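These notes are about the structure you will find just below.
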Amino acid sequence: MRLNKKITEELAAWLQSDHSSRESIIKGAELLYRMNNDRSMRGRILRRPERELKFLEYKLGRFLKMQKDGKTLADVVKMDRELTADLTPAETSQPDDDSHLPVQQGETPVVYIRKGLRPDHDRLPEEIQDIWPKNAERWKKIKQLRETLKTLSEPCDRYEHLQILRELWYTYKKEMARYDDYRIDGSVPPPADEKVQLSEQQLKDLKNADAYVSKNLPLLMQLVEESKEPDFTDAGKLESLRGRIQERVSVLVSLGRELSDERKQQLTACSIKFTADGQGS
């Protein structure tokens, strides 16, 4: 099958025409043969044209949609092969228990396996938490489509299901990566090609600094606001906390943590510097 405006017009014209005559059905069978080059199917329709009319209408309708979408059989086969290759690692790593969902593993977003909710799921913003149930529903639909595709062999029959599956799967992956990569501390993960391998101790220091800043920065922000009042009496507490947070922020930056614009604004409002030595901005 090739893309051809004339063939597309012929398909549309035949599907809109009256098929009460044997000649019309035979014409449709010849048109289908031009699309799939399937002699066996052509012979079956020609032997029993009236009985095969509904089947013929269905097949030509599938090919018309492909033609209108600018897809050849080769295009659909390629899409099918690429999508199957991308999905297979995720499917083969799934246990029967549906209580967990695939999550990204490593720096390359290829293999997704089930690991369950993040330990800090309840602390995530609502919009990030919502990714989980929405992806759970996407995954159910993905599995249903995969089961449907097991019953279909011809590209023209698989095409529409593959389109839906592809949209679901790549949305699922994108959203799961957004869920996995979200950082409560407000920092932004560096691009994969800029990630630096940290030692076990550095990872521990990074985690501790993250936790400390996330927990104590709101308190510092509150003290800063209170310090604007004339009767403020906790200046010592404010400066002590500011110094401790500054130390942790310096650790974060020295270990390559990129801070979000929002977090930078919060730190600036509290007179916290975000360079490794804490001496400048």
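Values in this text are rule-based calculations from the coordinates and carry no lab data. On a predicted model such as this, the values are computed, not experimentally measured, just so you know. We place every Cβ from the backbone using ideal geometry, glycine too, and count neighbours over all the protein chains shown.
Assorted remarks:
- With R₀ set to 51 Å, the beta-carbon distance separating ASP18 from THR88 gives a calculated FRET efficiency near 0.65.
- Once the C-beta distance of LEU198 and THR151 is scaled by a Förster radius of 51 Å, the resulting FRET efficiency is 0.55 to the nearest 0.05.
- Averaging 1/r across all pairs of distinct Cα atoms in segment 7-71 and inverting the result yields a Kirkwood radius of 11.6 Å.
- The modelled label-to-label distance for the pair GLU9/LYS264, using points 7 Å beyond Cα in the direction of Cβ, is 5.8 nm.
- Space enclosed by the convex hull of the alpha-carbon atoms of segment 192-269, per residue, Å³: 86
- Pair ASN37, LYS65: separation of 7 Å Cα→Cβ label points (nm): 2.4
- Efficiency of FRET from Cβ geometry, GLU239 and ARG178, R₀ 41 Å, rounded to 0.05: 0.60
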